[in-house]
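Below is one structure, written out as structure tokens, with a few remarks after it.
The values are calculated or read from the model by the stated rules, or taken from the named source; none is laboratory data. What you see is a predicted model, and the numbers here were worked out from it, not measured in a lab. When we count neighbours, we look across all protein chains shown, and the Cβ atoms used for this are built from the backbone with ideal geometry, even at glycine.
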Amino acid sequence: MRIVFLAPFGIRPKGTVIARMLPLAVELQKLGHTVIIIVPPYTNPEDSGKTELLRGVRLVNVNLPSCGKVPGALPLAWRMFRAALTEKTDVIHLFKPKGYGGLAAMLIVLLKRLGMRMPQLFLDTDDWEGAGGMNDLHPYSSAEKRLFVFQEKWLSLNAAGVTVASRELEKLTAGMGVPQSKIMYLPNCVEAKNGGDGKKIRHKLGIAPETVVLLLYSRFFEFTQERLHLLFAEIHRLAPELRLLVVGKGRNREEEQLQEASGRMGFNNVLTVAGWVEPEDISDYLAAADMAVYPLDDTLLNRAKCPAKLTELLMAGLPVVADNVGQAAEYVDSGKTGILCQPGDWREMAAVVGSFTGNASIRHEIGEAGRHYLLQHFSWRKYVENMQDFYSMELQ
């Protein structure tokens with residue numbers, strides 16, 4: 001089969017294309033298919049019009065219109081549509097039911113209804129976009145929010161099949177009226193990789209080799225900031241020798257708010273905020289840590305998301321203490337491959353972290369168990385074989 005993936009945005013600085021689309025494309029090509037990723041590079045306009053090869057997969061950055069965001073929406077969607085059809089593809093798989101790719105996909109459906117021969121359209125959803133989801137997180141205009149809600153439901157109902165990244169999305173998609181036979185569970189998966197150079201990062205940050213490091217790897221929107229500040233203050237009270245390392249950048253200066261709170265609450269001397277880190281350096285920062293926390297408030301947004309960052313932490317062999325929300329329960333067998341806490345209970349999370357601080361053997365045992373569990377149950381190859389069958393069934 002020739003398969004086109006329509007990306008929601010460029011490959012930089014966001015990680016969706018690299019973390020989800022690219023490994024799917026690589027594994028499909030190993031099975032003998034050809035995959036092309038078509039990208040609207042508005043997040044990295046310097047790549048407009050460029051074609052590049054990533055791990056053997058051709059990635060086409062369409063030319064960005066020069067007329068601005070709103071007047072350029074339809075021209076950009078048209079260019080994505082034309083680029084997809086130029087590939088003479090059997091399948092077009094849209095990633096995220098919204099935006100420019102969503103408009104291109106809607107055109108495919110409408111032209112097919114008019115009797116024109118079009119490739120089969122599949123939809124992938126890895127977030128809930130409507131009320132309680134991404135619409136509430138981003139500062140979209142009211143018109144954009146209405147469009148995204150419409151696209152999410154209309155494209156789900158009109159696609160040949162829908163791949164969903166979480167069990168919650170599976171339920172939500174079925175609740176919109178999509179038959180279960182047209183829904184495939186496709187979580188974010190993993191592949192075996194070499195570990196990073198943690199010693200290099202510790203040297204860079206001035207952290208001694210013997211110091212135990214707790215990592216928070218986050219974009220900060222999954223939890224309330226007050227809760228994070230209380231969590232870190234309590235962890236510092238229980239384990240004052242523990243170093244707190246934060247990797248990630250929020251949308252609203254959350255990492256700066258954390259630094260300000262650390263001064264008021266007394267843990268500034270053990271806090272290191274690395275901020276946004278280049279994707280190729282992430283593995284080194286993960287290797288610099290001894291354990292990690294992954295807070296998740298019990299919201300629809302968090303229940304529906306499929307946290308790739310959590311899989312990265314587990315694959316780094318880190319024992320992870322997370323809230324028992326959504327996909328966390330799919331990835332963590334609590335007590336064996338990590339620890340799941342009652343959602344929102346920062347005292348419980350802090351107590352678990354404190355109990356791990358002085359026990360290197362338990363940390364190592366749980367961390368290795370978490371990595372092996374993901375490799376056994378969430379390999380890209382296993383799910384891509386299912387995805388190949390899903391395509392074939394709908395193409396018959």
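Some points to look at:
- Pairs, first under 11 Å from Q388 (Cβ atoms) in the stretch 25-40, second in a loop (DSSP other than H, G, I, E, B), C-beta under 7 Å, six or more apart: H33/M1
- Members of the stretch 49-72 that are outside any loop (DSSP other than H, G, I, E, B) and buried (at least 18 other Cβ atoms within 10 Å of the Cβ): V57, L59, V60, N61
- Near pairs, Cβ below 6 angstrom, 6+ apart or cross-chain, from the stretch 105-123 (in contact (Cβ under 8 Å) with a residue 24 or more places away in the chain and over 15 Å from K88 (Cβ atoms)) to any residue that is aromatic (F, W, Y) and not in a strand (DSSP E or B): L107/F81
- Test: residue in the stretch 74-85 that is in contact with a strand residue (DSSP E or B) (Cβ under 7 Å, 6 or more places away or on another chain), within 19 Å of E152 (Cα to Cα) and among the aliphatic types (A, V, I, L, M): yes
Yes/no matrix, rows are residues, columns are (1) touching a Gly at 6+ places or on another chain (Cβ under 9 Å); (2) outside any loop (DSSP other than H, G, I, E, B); (3) surrounded by 21 or more Cβ atoms within 10 Å (Cβ to Cβ); (4) not polar (S, T, N, Q):
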residue: K193; (1), (2), (3), (4): no, no, no, yes
residue: K199; (1), (2), (3), (4): no, yes, no, yes
residue: P209; (1), (2), (3), (4): no, no, no, yes
residue: L214; (1), (2), (3), (4): no, yes, yes, yes
residue: F221; (1), (2), (3), (4): yes, no, no, yes
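- R237 being more than 21 Å from the chain's Cα centre (by Cα), charged (D, E, K, R), loosely packed, with under 15 Cβ neighbours inside 10 Å and not assigned by TED's automatic domain parsing to the domain that holds L296: no
- I183 in contact with a strand residue (DSSP E or B) (Cβ under 7 Å, 6 or more places away or on another chain), outside the structural domain of F95 (by TED's automatic domain parsing), crowded, with 16+ Cβ neighbours inside 10 Å and β-branched (V, I, T): no
- The condition of being in the same structural domain as G133 (by TED's automatic domain parsing), of a type outside the set (A, V, I, L, M, F, W, C) and within 30 Å of D136 (Cβ to Cβ) holds for only one of Y383, Y331, that being Y383.
- For beta carbons closer than 9 Å, sequence separation of 6+ or different chains, a first residue in the stretch 339-359 that is at positive phi and a second that is polar (S, T, N, Q), the qualifying pairs are G344/T224.
- For the stretch 285-295, the condition of being at positive phi, outside the structural domain of G132 (by TED's automatic domain parsing) and in contact with a strand residue (DSSP E or B) (Cβ under 9 Å, 6 or more places away or on another chain) holds for none of the residues.
- Subset of the stretch 1-47 (residues that are assigned to a helix (DSSP H, G or I), over 17 Å from T125 (Cα atoms) and of a type outside the set (K, R)): V26, E27, L28, Q29, P45, E46, D47
- Leading residue by the ranking (nearest to the chain's Cα centre (by Cα)) among those in the stretch 369-396 that are surrounded by 14 or more Cβ atoms within 10 Å (Cβ to Cβ) and acidic (D, E): E385
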